[in-house]
Amino acid sequence: MTYPAASRNHLNSAKARNEIWKTHSLHNYEKSKGHGPKYVSITRSKPPPGNPGIKSSIKTNGSVRCRNQASRSVEVIQLRMLIAILVIVLIYGGTFGAFWITSVHTLTLYPISQSYSWEIVPLANNGGSDNFEIMSWRNGHNMRGWIEFNLTSIPQQVWITSAVLSLRLWQKTTPQVALSDQMGNLSQIGDPTGRTYGVYALSSPWTDEGINWANQPNWTDYHHAESSVPSGQGGWNGPLIYMNWDLTGMVKDWMSGVPNYGMVVRDTQENASLLYSTQFFTIHQTPNPTYYPTLLVTYVSPLAVVSFGIVLVAEGFLMIILWRTKVKRARH
């Protein structure tokens, strides 16, 4: 008698579940007395219902991985950009530093002549004094100062980038005392802080031992400079207070061929109703150069500037070439 053969194993593979379910079908027969073969029930196992969260979990994990990869890519790009910026700053900073150290020069010049005069005493000369006074007061009581520097130590054919005149403050009047002038007029002394003093180029020669109010040279207001009187009192023992004027245009004129006869310092509003006076130190009868008037001149040669520009352009091209080479290698 022929018996039913065992059923084939069924393989059902599901990627989403990652499980293998096996289904077996078995035909059994049983002899019954007086009966033919009787088939018992054929049982087929069913796979458990799939987990609906598996697919969504896979999608979520994939999205997280994509976001993480994108975030890492952004961080890498930012890091590379930061490194590139630092390299550029270091290269150009080093080039500029080398240029400044080797090509930019500064000279400190001291006066060769210095004096001042008082209008009320027109023939008096104050050359050689340790005092350089600028005053504004009515009825002919103004004071002006003259000062000259020798510029021959500045090389020819250079570019003047800055020129600053500095006078160290000695003392100035304060609003405390009333007095009468030679005309019998009472006048209150004022504080000159904030008043404007101008510096003007002279148009004829003079000497510190020969100049006075009566024979003072004329001046021009072309490229003149102005500055405000600083606050505070100076003194022999300090504090160090300086009044500065930008004379870059004036020095450029002198270096281009305009005769250098020095300059005059004066209050731009003379004949004031109050007496305003400021005194500065001079090169005479002072202990060391910290008291001296100075002209600080900074210059650079045109050849150095051109060379600096060529180096900057060459460095720029080199960085572009290196960057493009790196990009090509990254693509391949």
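The values are calculated or read from the model by the stated rules, or taken from the named source; none is laboratory data. Remember, predicted model here, so these are calculated numbers, not experimental data. Every residue, glycine among them, receives a Cβ derived from its backbone with ideal geometry; neighbour counts consider all protein chains shown.
Remarks
- Considering Gly140, Gly127, Gly145, the condition of being buried (at least 18 other Cβ atoms within 10 Å of the Cβ), in a loop (DSSP other than H, G, I, E, B) and of a type outside the set (S, T, N, Q) is satisfied by Gly127 alone.
- One residue stands out in the range 108-119 among those that are exposed (fewer than 15 other Cβ atoms within 10 Å of the Cβ) and touching a residue at least 60 places away in the same chain (Cβ under 8 Å): the one that is farthest from the chain's Cα centre (by Cα), namely Tyr110.
- Any hit, the range 213-224, residues being in the same structural domain as Tyr276 (by TED's automatic domain parsing), at pLDDT 95 or above, of a type in the set (Val, Ile, Thr) and in a loop (DSSP other than H, G, I, E, B): no
- Within the range 266-285, the residues that satisfy the criterion of being among the β-branched types (Val, Ile, Thr) and either assigned to a loop (DSSP other than H, G, I, E, B) or surrounded by fewer than 20 Cβ atoms within 10 Å (Cβ to Cβ) (or both) are Thr268, Thr282, Ile283.
- Residues satisfying the stated conditions in the range 292-318, i.e. at pLDDT 70 or above and surrounded by 15 or more Cβ atoms within 10 Å (Cβ to Cβ): Tyr292, Pro293, Thr294, Leu295, Leu296, Val297, Thr298, Tyr299, Val300, Ser301
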